[in-house]
Protein chains: 2
Amino acid sequence: MSEITSSIPLQINPDLQEERDKASFNVTELTHIIYGGIEKTKKRKRLEKLLFSDPFFQEYQNVRAFGSRSEYYAASVKKSTKIFKLRRQHKWTDEEYETVLDICHDDLALTLHHTMFIPALERLATEDQKSKWLTLAKQYKIIGTYAQTELGHGTYLQGLETTATYDPQTREFVMNTPTLSAMKWWPGSLGKSSNHALVLATLIISGKKYGMHPFLVQLRSMDDHKVLPGVRVGDIGAKMGGNSVDNGYLILDNVRIPRNNMLMKNAQVSPDGKFVTRGPSKANYATMMLIRVQICTMAYQVVSSGATIGIRYSAVRRQSKLDPQDREPKILEYQTQQYKIFPGLAMSYAFLFASRSLTRKYEEAFAEIQRGDFKSLPELHCLSSGLKSFCSEHSVRQVEIIRQSCGGHGYLNAAGLGMLVNAAAPMITVEGENTVMYLQLARYILKRFAGAMSGQQLDGSTSYLSMDPATYVCPVMSETDCRNLTALCDIYRYRSYMTVCRVARQVQHDMESDMPQHVAINKNLVDLVRAAKAHSYYIVVKDFVEGVDALVASAPVIKVLRTLCCFYAAHGIAEYSGDFLESEAVGLHQLKWIKNLQVSLLGEIRPDAVALVDAFDYHDITLSSALGCYDGNAYERLFKSTENDPMNKEEVHPSYYQYLKPFMEEMNKSKL
Amino acid sequence: MSEITSSIPLQINPDLQEERDKASFNVTELTHIIYGGIEKTKKRKRLEKLLFSDPFFQEYQNVRAFGSRSEYYAASVKKSTKIFKLRRQHKWTDEEYETVLDICHDDLALTLHHTMFIPALERLATEDQKSKWLTLAKQYKIIGTYAQTELGHGTYLQGLETTATYDPQTREFVMNTPTLSAMKWWPGSLGKSSNHALVLATLIISGKKYGMHPFLVQLRSMDDHKVLPGVRVGDIGAKMGGNSVDNGYLILDNVRIPRNNMLMKNAQVSPDGKFVTRGPSKANYATMMLIRVQICTMAYQVVSSGATIGIRYSAVRRQSKLDPQDREPKILEYQTQQYKIFPGLAMSYAFLFASRSLTRKYEEAFAEIQRGDFKSLPELHCLSSGLKSFCSEHSVRQVEIIRQSCGGHGYLNAAGLGMLVNAAAPMITVEGENTVMYLQLARYILKRFAGAMSGQQLDGSTSYLSMDPATYVCPVMSETDCRNLTALCDIYRYRSYMTVCRVARQVQHDMESDMPQHVAINKNLVDLVRAAKAHSYYIVVKDFVEGVDALVASAPVIKVLRTLCCFYAAHGIAEYSGDFLESEAVGLHQLKWIKNLQVSLLGEIRPDAVALVDAFDYHDITLSSALGCYDGNAYERLFKSTENDPMNKEEVHPSYYQYLKPFMEEMNKSKL
């Protein structure tokens, strides 16, 4: 069969071309909307071209899929240095740099130097300190990271154990890791890459503790990268994903640093050991929230990448029979397949609008803060912690469903889906573990709800808590009402209200009984999380509905986005129907209509499915998926990928000579 | 801090010992129940000791966590040969061999030789063929696998394209892979390990097709393992898990095999090219179902392993505050943590009883088949396809929830959870993709339901479909009724009945309209799957309730299992409350009671949680988790694991000299 080769056909797979030909809207128009205008799309394309014209980026994919941990890390160091050089050479703005990181789609080994270390210096150092260290950091004499999390302590910062004890004799801090559980554990770029770390530690002066502060600690020589005395540092081991980064551990044993290595913008220690604080900066706090906002955008990228792969593959994979007279249909024809993939497609657009709305609110709040006005901070905290948790949870789960919908092939690294899920999974844990974040949101909501009960006027995302529930009538009175986006949004709002109301009453009831407060709270944690989720779901649906309503676009684009929005809302009600029925936001009749609608919408989305993922406009190298490539030649690309498999380097694997052959000979000789 | 070392303390972590001290029941008693008696427990312990006294098995864990793909595969070949030698040396029964595979917990590189290849020969070969090939296979002259799946064709066997064309001149079959999508793709042990494969191919005689048959094809030389002419074979690439096995591809180009290499027990081709069939053997069919039955047992092992890790870690990890006066509590105290982990604990016992019941039914049916009685086959098919899908789906999802509940550390390979999820994920796809299996079950149920409607008397697992729904009254009349296991089981039964009933009516309605049958079916696929899931859930709850009811054990053991059973049923109603409300199996009042009960049960399970996972009695090497080790010294073991991390081999990683140092020098020289 000489014709069976792994060469990639030049033409688009006709099964995929057929899909593109029948799209109801202009894909390019939607792409511009997604990226915020034609100029931004163009800029992104230019950056893509600049990066991917270097053959290294294609080779990098192979190391990623097939290399050992150490090879992958090394390739990622190389990639970091390439990108850092381009960054300086082209004088990229922060926005351009962010775009490049998005295009690159997996983390750089040295990632934290620019995303955490330098911003933290800018935020926490005095002007004097900045002029020294920022310069060194920007010259890459210092390669730095941010070391907060400890082996025994994550989200709960008060529990951190690392100490910085001031020695007024020498005017130094003595840094120590007092116990095993106190060792820094997890910081990225710490294990092998960085020569400095910003270490979060409890300040101790004359035996008294003064809270957590950041200390700049040199870990390795700036000349030869050797580890300095008193420092033990290393990699924490292979992970499910993110192995391009050397997450590290750090043990400090009486490491002395000058007094000036404490970053003193927010608090100072005088040479004679006097502690002066200006309190934690609220601007600092706002900057920390930025990462949660960015996670929402990442969640959009993750689920839209997954949807792209799943839908393109489903349009070229043919399997089984629907019509017995016909050939095997594209699996995209099966209702069950649509039901696995289209929720991820709709979620992509939902999270696009939600993260865009959140980013705008963040930018507004940050501008206010710069002017000394902090009133939006609590609202922003509430929004960002809820949406960070909601978007990360839903996107990771949905991409796993999409991965499963691709059958066996979805399990191959070459499919890109497993690596996508595994690389995305940390979003659930980092920057505030999701359950903890949901509970912070719940507490905020409960406080606002209590305010509303006592007649306070609420604004912002929780303003609906002052509604009068007695006035609620399910706005879906007929099957056609189900397509009314405002009506669907109202249903989510009322469900959230009732979920909050119920747990608020329960907590109050338990508090008024003899229970200690912490017991009463713990008894209701599950329902508090439920309330925070219901609230977040409402916010996402509202953002989607409002985003589509406000959109200036051609009629076909608006039509298809309205269809997706309607499907997103209907699907959520169907999936969590118990919550909606319990809160009496819908009755059994309405639920049936909404479920029928949901199924009808699958059929309406079907013809535009490929165009809707094409609009995300991901480069093949960014997607890194044989199944999801733009040309749809999935089988050829799968076969091609095996050429880079180190297992195929030799016709006979070395283990044959080492183990299998001696074993076969021994067994053949001995009696059965 | 010279005291910070990675040496493992000799004593049990006191936080874990405290849990063990307060267990309400005898753990050993429960272990014997789980393994089917004291003798079986003892035998398993002996096998564990035999295996793990060889230090290779500890080293193997390190290669698994840290090695390259090729090193891992090589270690797995070595492991295969060690176990095969022991197998022969100790004359293990099939049951003992299965136990050894369970203890080893990841697949052997040569796994299919004994689990698929030899059984297939026994099933499909004539006595003559057996006497030749079985002997060679048992002597390991032949190392074989079973090659069915093709790149473009999985579950739908009729779609397979590989051909075996009979040439009466030479009395040979000519084996061909006509297209790219026809190449064999996925079979385990195919890429590098096997020298023979049982290839499923369409038989062609004189241009006419005679269906799929098995052909024994030699791929590699039995002397030097070189690939034979006309054969192209290799590894299909790295996967999310299961990288110990060389899943392979195979292209055959006019490979000629003797006529006698077609396995002819069920169908024959005479020398002059006459085709004689005895029809596919039903016994053959039953054997194929065995793997689905085994997947249910695997699902039990997966979720119980996950629960063991999650619960032990939650008992030694302390985080945040509940009581502000107290130290940081074990995270197991948090209601939200219990809600993440205890469903997996209860599910473990549910799947233990369900898989045990299924295995017993399989054995009974197989015994009947041996006597020529095939009447149980359809029932067994229905049970095994439903439970295979249900157990695999639920266990994989639940272990991922447990993994997330372990925070950041759950993401480390050393935690064992990610590798557990990734290794378990294929259960969803193999041996009949879950959705396809659910739909086969749904079709069976619909047929039975139609039978019941027309007055037929049903037996077996679907007998409840002849119930009169009008007689149903929710058996939970008060809050205390919720603890009645039979009542809970009745609720599941009615919910299943109503779900089946609704989709049956809908399909009938659509069929009676103008829709072509395949359109009507496709329109209802989502609801058909929903019905199959509702039915399977009922079966699992029923098996659990009946299993506990029938148990002969001490009162404390029965009490704790009843609590778990009650929690499992209540949790399912709470999680899928929409389905239960829609089917009116419960009303809003009952739902509220059941949810309250669910929360109370979390507290009741809490004191026995550690003991309940201890009872699974997994060896530390089998669990392969720093977080879940028996002694609870999780942090020490995490730190210890980094010693085997190749990234820590050198103080300065080679990439520093290759990339980082030159980069730093260049940047330092150039202007900012």
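Quick look at the numbers
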| quantity | calculated |
| --- | --- |
| Whichever residue in the stretch A:365-416 is hydroxyl-bearing (S, T, Y) and in contact with a Lys or Arg (Cβ under 6 Å, 6 or more places away or on another chain) and, among such residues, is farthest from the other protein chains (Cβ to nearest Cβ) | A:S384 |
| Meets criteria (out of contact with any Ser or Thr (no Cβ under 6 Å at 6 or more places or on another chain), open to solvent by less than 10 Å² (accessible area, probe 1.4 Å) and under 29 Å from B:V245 (Cβ atoms)) for A:A424 | yes |
| Condition met for B:A611 (within 14 Å of chain A (Cβ to nearest Cβ) and within 30 Å of the chain's Cα centre (by Cα)) | no |
| Selection count where residues are modelled with pLDDT under 95 and charged (D, E, K, R), scope the stretch B:247-282 | 3 |
| Sole residue being surrounded by fewer than 18 Cβ atoms within 10 Å (Cβ to Cβ), touching a residue at least 24 places away in the same chain (Cβ under 8 Å) and either more than 8 Å from every other protein chain (Cβ to nearest Cβ) or of a type in the set (G, A, S) (or both), chosen from A:L124, A:L157 | A:L157 |
| Qualifying residue in the stretch A:477-485 (condition: aliphatic (A, V, I, L, M), more than 30 Å from A:D107 (Cβ to Cβ), touching a His at 6+ places or on another chain (Cβ under 9 Å) and more than 14 Å from chain B (Cβ to nearest Cβ)) | no |
| B:S513 vs. criteria at pLDDT below 95, over 29 Å from the mean Cα position of the chain (by Cα) and either farther than 17 Å from B:F351 by Cβ or within 14 Å of chain A (Cβ to nearest Cβ) (or both) | yes |
| Test result for B:N648, within 13 Å of chain A (Cβ to nearest Cβ), open to solvent by 10 Å² or more (accessible area, probe 1.4 Å) and either in contact (Cβ under 8 Å) with a residue 12 or more places away in the chain or touching a Phe, Trp or Tyr at 6+ places or on another chain (Cβ under 6 Å) (or both) | no |
| Qualifying residue in the stretch B:128-139 (condition: β-branched (V, I, T) and within 7 Å of chain A (Cβ to nearest Cβ)) | no |
| Which numbered condition B:R46 misses (of (1) assigned to a helix (DSSP H, G or I); (2) surrounded by 14 or more Cβ atoms within 10 Å (Cβ to Cβ)) | (2) |
| Among the candidates A:L352, A:L332, residue that is in contact (Cβ under 8 Å) with a residue 40 or more places away in the chain, closer than 25 Å to B:N434 by Cβ and buried (at least 22 other Cβ atoms within 10 Å of the Cβ) | A:L332 |
| Restricting the stretch B:519-546 to residues that are free of Cβ contacts under 8 Å to residues at least 60 places away in the same chain and hydrophobic (A, V, I, L, M, F, W, C), the residue that is nearest to the other protein chains (Cβ to nearest Cβ) | B:V526 |
| The lone exception for A:L108 - which of (1) in contact (Cβ under 8 Å) with a residue 24 or more places away in the chain; (2) within 14 Å of another protein chain (Cβ to nearest Cβ); (3) of a type outside the set (S, T, N, Q); (4) in a helix (DSSP H, G or I) it fails | (4) |
| Qualifying residues in the stretch B:49-70 (those that are small (G, A, S) and assigned to a helix (DSSP H, G or I)) - the one nearest to A:K239 (Cα to Cα) | B:A65 |
| Criterion violated by B:Y492 - all others in (1) out of contact with any Pro (no Cβ under 7 Å at 6 or more places or on another chain); (2) outside the structural domain of B:Y438 (by TED's automatic domain parsing) satisfied | (2) |
| Any chance B:S314 is in contact (Cβ under 8 Å) with a residue 12 or more places away in the chain and within 14 Å of chain A (Cβ to nearest Cβ) | yes |
| Some residue of the stretch A:55-62 being within 11 Å of chain B (Cβ to nearest Cβ), open to solvent by 10 Å² or more (accessible area, probe 1.4 Å), within 19 Å of A:K184 (Cα to Cα) and in contact (Cβ under 8 Å) with a residue 12 or more places away in the chain | no |
| Filtered residues of the stretch A:246-256 (kept if facing chain B (nearest Cβ under 9 Å), open to solvent by less than 10 Å² (accessible area, probe 1.4 Å) and closer than 14 Å to A:N176 by Cβ) | A:I251, A:L252 |
| Looking only at the stretch B:209-221, and only at residues there that are farther than 27 Å from A:E328 by Cα and more than 9 Å from chain A (Cβ to nearest Cβ), the one that is surrounded by the fewest Cβ atoms within 10 Å (Cβ to Cβ) | B:S221 |
| Search result, residues across the stretch B:325-336 that are facing another protein chain (nearest Cβ under 8 Å) and of a type outside the set (D, E) | B:Y334, B:Q335, B:T336 |
| Restricting the stretch A:627-638 to residues that are open to solvent by 10 Å² or more (accessible area, probe 1.4 Å) and at the interface with another protein chain (Cβ under 9 Å from one of its Cβ atoms), the residue that is farthest from A:A609 (Cα to Cα) | A:E636 |
| Test: residue in the stretch A:493-503 that is more than 30 Å from B:E333 (Cα to Cα), assigned to a helix (DSSP H, G or I) and in contact with a Cys (Cβ under 9 Å, 6 or more places away or on another chain) | yes |
| Selection within the stretch A:443-489 - under 30 Å from A:K559 (Cα atoms) and in a loop (DSSP other than H, G, I, E, B) | A:Y472, A:V473, A:C474, A:P475, A:V476, A:M477, A:S478, A:E479, A:N484 |
| Residue within the stretch B:547-565 that is within 11 Å of chain A (Cβ to nearest Cβ), without any contact (Cβ under 8 Å) to a residue 40 or more places away in the chain and of a type in the set (A, V, I, L, M, F, W, C) present | no |
| Qualifying positions in the stretch B:257-292 - in a helix (DSSP H, G or I) and buried (at least 20 other Cβ atoms within 10 Å of the Cβ) | B:N261, B:A286, B:M289, B:R292 |
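Conditions tested, residue by residue: (1) open to solvent by 20 Å² or more (accessible area, probe 1.4 Å); (2) within 10 Å of another protein chain (Cβ to nearest Cβ); (3) not hydroxyl-bearing (S, T, Y).
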residue	(1), (2), (3)
B:P187	no, no, yes
B:G191	no, yes, yes
B:V199	no, no, yes
B:G207	yes, no, yes
B:D223	yes, yes, yes
B:L228	yes, no, yes
B:V231	no, no, yes
B:D235	no, yes, yes
B:S244	no, no, no
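The values are calculated or read from the model by the stated rules, or taken from the named source; none is laboratory data. All values derive from a computational prediction rather than experimental measurement. As a convention, Cβ positions derive from the backbone with ideal geometry for all residues, glycine included, and neighbour counts pool all protein chains shown. The area values use the complete protein model at the heavy-atom level, side chains included, leaving out ligands, DNA and RNA. Shrake-Rupley method; radii C 1.70, N 1.55, O 1.52, S 1.80 Å.
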